[in-house]
1. What is the one condition in (1) more than 21 Å from A:L68 (Cβ to Cβ); (2) part of a loop (DSSP other than H, G, I, E, B) that A:G9 does not satisfy?
2. Which of the residues that make up the range A:77-90 are in a strand (DSSP E or B) and either in contact with a Lys or Arg (Cβ under 7 Å, 6 or more places away or on another chain) or surrounded by fewer than 22 Cβ atoms within 10 Å (Cβ to Cβ) (or both)?
3. For residues that are within 17 Å of B:H205 (Cα to Cα) and more than 9 Å from chain A (Cβ to nearest Cβ), scanning just the range B:177-187, find the one that is surrounded by the most Cβ atoms within 10 Å (Cβ to Cβ).
4. I want to confirm something. Restricting to the range B:9-38 and keeping residues that are out of contact with any helix residue (DSSP H, G or I) (no Cβ under 6 Å at 6 or more places or on another chain) and under 14 Å from B:L321 (Cβ atoms), which single residue is modelled with the lowest pLDDT?
5. Answer yes if at least one residue in the range A:102-110 is touching a residue at least 24 places away in the same chain (Cβ under 8 Å), within 21 Å of A:F62 (Cβ to Cβ) and either part of a strand (DSSP E or B) or aromatic (F, W, Y) (or both), and no otherwise.
6. So, in the range A:48-76, exactly how many residues are surrounded by fewer than 18 Cβ atoms within 10 Å (Cβ to Cβ) and part of a strand (DSSP E or B)?
7. Return yes when A:S82 is small (G, A, S), within 14 Å of another protein chain (Cβ to nearest Cβ) and under 18 Å from the mean Cα position of the chain (by Cα) and no when it is not.
8. One residue is enough: does the range A:10-17 have a residue meeting the conditions acidic (D, E) and more than 29 Å from A:I218 (Cα to Cα)?
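The values are calculated or read from the model by the stated rules, or taken from the named source; none is laboratory data. Computed from a predicted structure; not experimentally measured. Glycine also receives a Cβ, built like all others from the backbone with ideal geometry; neighbour counts cover every protein chain displayed.
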Amino acid sequence: MEIRSLIYGLYPRSEKVRKSLSRWERNMISEREVAELMYEESQLYYKMCKVNGIELCSDPLFNWYDILRPLSLSIEGITLGSLTRYKETNTFYRMPIINDIISLGEINVFRSLKDNPPLPLYHPNDSDYLYFLPGIESFIKMSRVRGERKQREDEMANIYNDIIKKYSIKSLVIYEPMNVSNFSIYDKISPSVEILLVTSGKVDQNMFSSLARKFYSILSDNPYVVSKYCKIPGITIVDAFNTHLERDALEKMKKYKDDFDEIIVTSNEYLDFLPRIIADRKIEMMGSWGR
Amino acid sequence: MNLITQEIGSFRKPDYLSSRFKTLNSKEFLEKAERATLETIDLFKKAGLDNIGIGGEMFRWEMYEHPVRKINGIEIYGPVRSFDNRFYNKGSVISELKKKESFHSDEIKFLKNNVKDKDIKVPITGPYTLMDWSFNEHYRSRMDLALAFSNIINEEIRELKNIWGEGKLQIQIDEPAATTHPDEMDIVLESVNGSISNIDGIETHLHVCYSTDYDLIFKIIPDLKIDVYNLEFANRDKINKGKERPGYGDIKRFSEVNETMSRKRSLGVGVTDVHIDFVEPVDLIKDRIEYSLKYLDPSLMRLNPDCGLRTRSREVGFQKLKNMVDAKNEVLKNL
């Protein structure tokens, strides 16, 4: 059985990035300078992933203040609400207030934002670059929505298609941090994109009923449930809420070897909830599993 | 008749302390922390507070790392994000917890020797919050870890009480995380009770703020060994004057629970919002107090800011406290 590892979502910032952003917040360095630093640090991150044998890593999103923020600020019709607890953690995000999802602003060129470091949204490094977006249903669930939720979901799907078009996206990680009742919204996303869907909580067959799309991968707590809806099943075996290193995980994965030719492993949450040094160690550990 | 006004905990540090807090040597630190405490107490007295807390927590940088650094068994690998570009050092529990040194004895010794004319109240970060804000690499369950913190806090409170000596000492257990996992209220109950059990001569307070569901706390009040609940309300209220106070609806529910118990609990009502610079006028605070008095007997009511005022300037913090006291005095005229 071949094992590949996926790193997705917000990655913990280095001390250099934290200090630079702090200086930027106090107008001590320019937006251009901070944008350049984000690019440089992103490239270092890709290098680290490569050296450690991580084949699938999305952008570290060092300039995202939370998992929804840059998108909220780039979509006309969405404003920022109050700081809100992210799930049951001690980390907070600004709740989007969705009035009307009208159109997407510029996201792939240098642009100043209020309440977030400047864009671009991503810092690609090569043609195989893996893009990241928060799950559509979670985005809506984590927002205060005026109007009909279903309609807002459909509008968000249109926005995602716009992003895919603007960046010519071929591969995309979508992370649904909230419990989702059904993933059929992704049938509305351009079929030309290979999607790796990372789920939260326990998955069951009902979540995929009426789904026409075949994902590239679905990463969940149970690869058996998701395997028929994707090319390569995945498992969320690394704990992003504990500094303990899962050195016994490889042993645990042996039970899948007779059932799957290939499996993708990842964390149960993006790694931003860990100190940077521990996240780096988890990358090293995950990379070693592939070898 | 009085409505006791009290501080909740932290207050903005003067620059001479905050700018060098982590780089001062121990002698310099003590000198500056003591000076800042006296200056802050002086401000509290000028504002007219009945209870001056611990003088604004001038000896502490923040509420998590301060105690955690004084416990063996915890490794701090680095900061994790709180929000935006704000971080806190989240510890990893890697072995059995053992108290290394007292968290707050220096503060209490100083207050004992320097404050004779005011009540004090010592805020201590609660066991559930310490557990919830730590990584657990060692204990079998979250309950076990919370109880380990609980034992250490119990030990700490005993030490503080010994230093304080005769007379009742007010201890406030700070549990901002108390209601973040609704299915863990049994852990909150057992760990908070454990932290204050079998200690004579203390009045126990519990401070919870920014909860999305106070009812989770209200349901366990009959079993909690807590005398006073200091809660945040102003942040969820509107800022214009009037009889309707949407932020204070939960007081009725607290009162209903109180009715079911023979030993009544008191409520510290947050009447000023610590997250905004807007200084609530006396009339607005008066409206909030009068609304609360519809459901609470004055003897069971105390008045406080929603939370610590550390994020406001000392000037704004002072004015908020002063307006709270002035509003109380206005209300008392009609009681």
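1. Checking A:G9 against (1) more than 21 Å from A:L68 (Cβ to Cβ); (2) part of a loop (DSSP other than H, G, I, E, B), the one that fails is (1).
2. Going residue by residue through the range A:77-90, those that are in a strand (DSSP E or B) are A:77-85.
Once the filter is applied, which keeps residues that are in a strand (DSSP E or B) and either in contact with a Lys or Arg (Cβ under 7 Å, 6 or more places away or on another chain) or surrounded by fewer than 22 Cβ atoms within 10 Å (Cβ to Cβ) (or both), the range A:77-90 yields A:G77, A:T79, A:L80, A:G81, A:S82, A:L83, A:T84, A:R85.
3. First pass over the range B:177-187, keeping only residues within 17 Å of B:H205 (Cα to Cα): B:177-179.
Subset that is more than 9 Å from chain A (Cβ to nearest Cβ): B:178-179.
Values: B:A178: 28, B:T179: 20.
Only one residue fits best here, namely B:A178.
4. Of everything passing the filter in the range B:9-38, B:G9 is modelled with the lowest pLDDT.
5. To start, the set of residues in the range A:102-110 that are touching a residue at least 24 places away in the same chain (Cβ under 8 Å) comprises A:102-108, A:110.
With within 21 Å of A:F62 (Cβ to Cβ) added as a condition, the list becomes A:105-108, A:110.
Going one step further and asking which of them are either part of a strand (DSSP E or B) or aromatic (F, W, Y) (or both), we end up with A:110.
Looking for residues that are touching a residue at least 24 places away in the same chain (Cβ under 8 Å), within 21 Å of A:F62 (Cβ to Cβ) and either part of a strand (DSSP E or B) or aromatic (F, W, Y) (or both), one finds at least one in the range A:102-110, hence yes.
6. So the count comes out to 1.
7. Details: small (G, A, S): yes; within 14 Å of another protein chain (Cβ to nearest Cβ): yes; under 18 Å from the mean Cα position of the chain (by Cα): no.
Considered against the rule, which asks whether it is small (G, A, S), within 14 Å of another protein chain (Cβ to nearest Cβ) and under 18 Å from the mean Cα position of the chain (by Cα), A:S82 comes out as no.
8. To start, the set of residues in the range A:10-17 that are acidic (D, E) comprises A:15.
Still in the list and also more than 29 Å from A:I218 (Cα to Cα): A:15.
Yes: one or more hits.
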